[in-house]
Amino acid sequence: MMPPKRVSFIGLGEMGAFMAKKLVKKGFELTVYDVAEKPVKELQALGAKSAATCKEAAETSDVTIIMVRDDPQIDQVVYGENGVWEGVKAGSIIIISSTVDPLHCQRIASKGEEKGVKVLDAPVSGGWIGAEAGTLTFMIGGDKGAFEECRPVFEAMGKNLFYLGGSGMGEVSKLVNNFIMAINLATLSEGLGLARKAGLDSETFINVVKVSSGTSWYAQNWELAKEHVSDYCQGRKGALWFAYSKDMGLALKLAEDVGQLVPLGGLFSQLDPFRFFPGVEQSFYDYGPS
């Protein structure tokens, strides 16, 4: 089976623009679409073509990658006027790299079967740093044959590829990973508050945590943790806002959908997780996102 060469990319935000640039540099015939002109022009300067609509992007490609913010935006891109659904052809593949509800991806995949279109859910981990470096982790669900066909596309953008099973399993993996990350960071925040109250210096103690059994990804990336928490507590919609305000909600919905008790997750959703984080002097509920 020949790997796909014609790829379209819809959604050139902080992550998507870097991912699309990697595809151009790897020699794919790329068509891009975004409502903002600046990232489109940047991709055009690198050799990509631009589409006037999502429909046009899909009808000119073998693979259409969607990287937008949330479920409503996915619906608009796929089912809206001049959307992907109007342009996609039988035999092509849609890749949803947004972090969204697994059931949503499963419904789109089911509709895709009626059109002869394969739909993969392939959310990513690694942030804009991983997107720029081409080292993203892809968590992939859907038809395995479609995944193998798209392997060169994924490898152009990422370093770690995990095929996890049927439709929706990529999204399940991403949501559970972010569920764990969120609780880890809340625990780190509370532990640092305890250490500081008992007389330890937070910046010194974090170096102990980094090389001890209490470590975590955010402990290992301490400067980034401080940046993310600062953004979150000031209401800026950065990486941590999405993990806490969007992805955690989706993870709790997933738990309800499958009938799994998640007591820590339920408690977490009622707490102020960063009240004791170094540099945060008051509850984020007083001035953070509503």
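The values are calculated or read from the model by the stated rules, or taken from the named source; none is laboratory data. Everything numeric here is computed off the predicted structure, so don't read it as measured data. Please note: Cβ atoms are built from the backbone with ideal geometry, for glycine as well, and neighbour counts cover all protein chains shown.
The figures follow:
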item	result
Strands (runs of 3 or more DSSP E) contained in region 103-216 and holding at least 2 residues out of contact with any Cys (no Cβ under 9 Å at 6 or more places or on another chain) and hydrophobic (A, V, I, L, M, F, W, C)	136-140, 158-163
Evaluation of Ala58 against (1) buried (at least 23 other Cβ atoms within 10 Å of the Cβ); (2) without any contact (Cβ under 8 Å) to a residue 12 or more places away in the chain (one fails), failing number	(2)
Residue count for region 73-89, restricted to those that are surrounded by fewer than 19 Cβ atoms within 10 Å (Cβ to Cβ) and out of contact with any helix residue (DSSP H, G or I) (no Cβ under 6 Å at 6 or more places or on another chain)	6
Residue match in region 86-94 (condition: in a helix (DSSP H, G or I), within 21 Å of Thr31 (Cα to Cα), more than 14 Å from the chain's Cα centre (by Cα) and among the acidic types (Asp, Glu))	yes
Which listed residue is crowded, with 23+ Cβ neighbours inside 10 Å and hydrophobic (A, V, I, L, M, F, W, C), from Phe9, Phe18	Phe9
Some residue of region 69-78 being under 17 Å from Gly158 (Cα atoms) and part of a helix (DSSP H, G or I)	no
Residue within region 279-290 that is outside the structural domain of Ser98 (by TED's automatic domain parsing) and at pLDDT 75 or above present	no
Filtered residue count, region 66-84, keeping only those that are touching a Lys or Arg at 6+ places or on another chain (Cβ under 8 Å) and farther than 18 Å from Ser245 by Cα	3
In region 20-76, the residues that are within 13 Å of Lys5 (Cβ to Cβ) and out of contact with any strand residue (DSSP E or B) (no Cβ under 7 Å at 6 or more places or on another chain)	Lys26, Gly27
Residue in region 217-233 that is of a type in the set (Gly, Ala, Ser) and modelled with pLDDT of 90 or more present	yes
All positions within region 149-203 that are closer than 30 Å to Thr64 by Cα, free of Cβ contacts under 8 Å to residues at least 40 places away in the same chain and of a type in the set (D, E, K, R)	Glu155, Lys159
Identity of the residue in region 132-143, surrounded by fewer than 24 Cβ atoms within 10 Å (Cβ to Cβ) and not acidic (Asp, Glu), that ends up nearest to the chain's Cα centre (by Cα)	Thr137
